[in-house]
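To keep things clear, I will list the structure first and then write my remarks on it.
Just so you know, all these numbers are worked out from the coordinates, no wet-lab data involved. In this text, all values refer to a predicted model and were calculated from it rather than measured experimentally. Virtual Cβ from ideal backbone geometry, glycine too; neighbours counted across all protein chains shown.
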Amino acid sequence: MRLTVIGCGHLGATHAACMAAIGHDVLGVEIDEDRADLLNSGRAWFLEPGLDALLTRHTQNGKLRFTTSFAEAAAFATVHFLAVGTPSLPGGDGYDLSQVAGAIAALAPHLTTPAVVIGKSTVPPGTTGYLARELRESAPAGDAVEVAWNPEFLREGHAVADTLRPDRIVVGVPSMAAEATVRELYRPLTEAGVPLMVTDEVTSELVKGAANAFLAMKVSFINAMSDVCRGTGANVAVLADALGMDQRIGRPFLTAGLGYGGGCLPKDVRGLAAFATSTGAKGAADLLSVVDGINSARREQVVDLVRGLLGELSDKRIALWGAAFKPGTDDVRDSPGLDVADRLARLGAEVVVYDPQATGNALVTFPHLRYGDSAVAAACQADAVLVTTAWPEFAAMDTAATTSAVRDRLLIDACQATKPSLWRAAGWTVAAPFPTPDYPERSPVTSDTASGSRQAG
């Protein structure tokens, strides 16, 4: 089939490349000319494993190309995926749908024949109906333009695999004709065994936000349990393993640490809470507010731990390993690590950040922080090394090289990224905001430890 993908950021570029990979002819619409040119050269401007290879292959074989023209898109196909961004509104009270509205306004005048617009962006329930009304009024084809909703469930760092081998495909359709179009689009995947769920538009809009809110709830739950473990002497890592063996619960997202970040979970928790409030669903709104509050508090807990171990921060240098909100991406949106770095810097510490992939994006967002070219370079003359993203590189760090660089051998692992026994064997104190046998509770700083005579824990 011939189709377009409007909005070629992380979601859209991946979806366009994967639709070409399963056999469709795809035209991506990206209004930023420089980004469109880069995509046509076979490269994305963000890190996503496997994506550049797909872009290169299918731009070269003619199955995929990119344009800035909505007129060209309307002339190319009658199926249009909508994959523009829906960031949080200021204050987090819902989704900013301005890019969605802008894309529909730009496309509508060119829709002179029957067409199906299939939304993939994360939106509040009711958006599909609103857009359908807009298109009926503004598109020359009028009622012959239908709107369906097909939410994405991509994980950054795994987006290609999640598109080509998803757990499920969910689509809300307004008619049997639109359903037939969607079934044909995804036939290569459904024939390979991927389940396709067809539902109404409102349910399909709600699925994505609800899924992310549930995952966020698991993260906040295990972090709340880590506080209980601190007060009882229990082992939160073993607790998580035991819970994860229950098939009704599952182990993923039950890792105590610094909490979630990125462009999806925080936005969707707050967006769904705002929508729940607007519909009078107080229980859901209160629950999601608690989930968000627990997550936000983890960052201040880490700052308090650092202050408890180092004391006055105005004369301290801290190496912070990890700027991306999670490993496998260069995305720093709502990065817990960078938020902690910023808080420590505002308390007077000199913070030197290193990340294997996200340093460039971090520098744009937090230009007042310092950055190192390597983990060891960032640790030069540091009073503490704080790990905030669980990159494999940090688990495999050369303890001897790091030891020779630092001023004081204190490792604070906020995300269970390292192997504490290796660091302790090298004479380091290891601390964490979650007490386990690997990361025992640390005593607050004393005059002896403040002077550098800290014993390895």
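What to note about this one:
- Each label point was placed 7 Å from the Cα along the Cα-to-Cβ direction; for Asn40 and Ala400 their separation is 5.3 nm.
- Angle between the chain longest axis and helix 282-310 axis [Cα atoms, degrees, rounded to 10]: 30
- Bridges between two residues of the chain, per DSSP, are antiparallel at a rate of about 5%.
- Put simply, the amide H of Val170, placed in the peptide plane, has neighbours under 5 Å in Met197, leaving out anything fewer than 5 places away on its chain.
- Potential extension, Asp286-Ala192 segment - 0.36 nm per residue separation minus Cα distance: 29.8 nm
- At R0 = 51 Å, FRET efficiency that the Cβ-Cβ distance of Arg251 and Ala426 yields, to 0.05: 0.95
- Backbone amide hydrogens, once placed in the peptide plane, bring Tyr95 within less than 5 Å of Leu89, excluding anything fewer than 5 places away on its chain.
- Cross-link partners of Lys120 among lysines (Cα-Cα below 26 Å; sequence separation of 8 or more within a chain): Lys63, Lys208, Lys218, Lys267, Lys326
- Approximating the spin labels as points 7 Å out from Cα along Cα→Cβ, the Asp52-to-Ala101 distance works out to 3.8 nm.
- As a rough guide to protection, the peptides 11-18, 89-96, 386-393, 273-280 ranked by mean Cβ packing within 10 Å, highest first, stand as 11-18, 386-393, 273-280, 89-96.
- Neighbour net charge for Ala375 - beta-carbon separation under 13 angstrom, K R +1, D E -1: -4
- Between the amide H of Thr4 and those of Leu27, Val79, His80, Phe81, distances stay under 5 Å, these residues lying 5 or more places away or on another chain, with hydrogens modeled in the peptide plane.
- Among beta bridges that DSSP assigns inside segment 2-199, antiparallel share in %, nearest 5: 5
- Here's the thing: no lysines lie within a cross-link span of Lys282, going by alpha-carbon distance under 16 Å and ignoring same-chain residues fewer than 8 apart.
- Using θ = phi - 60° and Karplus 6.51 cos²θ - 1.76 cosθ + 1.60, couplings along segment 415-421 (whole Hz; Gly, Pro as x): 9, 6, 9, 10, 10, x, 4
- With all pairs of separate Cα atoms included, segment 2-199 yields a Kirkwood hydrodynamic radius of 16.8 Å.
- Helix 127-138 and the longest principal axis of the C-alpha atoms of the chain enclose an angle of approximately 40°.
- ³J(HN,Hα) computed for each position of segment 21-34 - Karplus, 6.51 cos²θ - 1.76 cosθ + 1.60, integer Hz, glycine/proline x: 5, 8, x, 7, 9, 10, 10, x, 10, 10, 6, 7, 4, 5
- A straight Cα-to-Cα reach below 17 Å connects Lys419 with the aspartates and glutamates Glu393, Asp398, Asp438, Glu441, residues fewer than 8 places away in its own chain not being considered.
- Placing unit charges on the Cβ atoms only, positive for Lys and Arg and negative for Asp and Glu, gives the chain a dipole magnitude near 740 debye about its Cα centre.
- Sorting the segments 228-234, 157-163, 41-47 by their residues' average number of neighbouring beta-carbon atoms within 10 angstrom, most packed first, yields 157-163, 41-47, 228-234.
- Within segment 86-129: backbone nitrogen closer than 16 Å to the Thr199 label point (7 Å, Cα to C-beta): 119-129
- The simple Förster model, with R0 at 51 Å and r as the Cβ-Cβ distance, assigns Arg168 and Asp304 a FRET efficiency of 0.80.
- Protection-proxy order for peptides 367-379, 346-358, 138-150, each taking the mean of Cβ atoms within 10 Å per residue, highest first: 346-358, 138-150, 367-379
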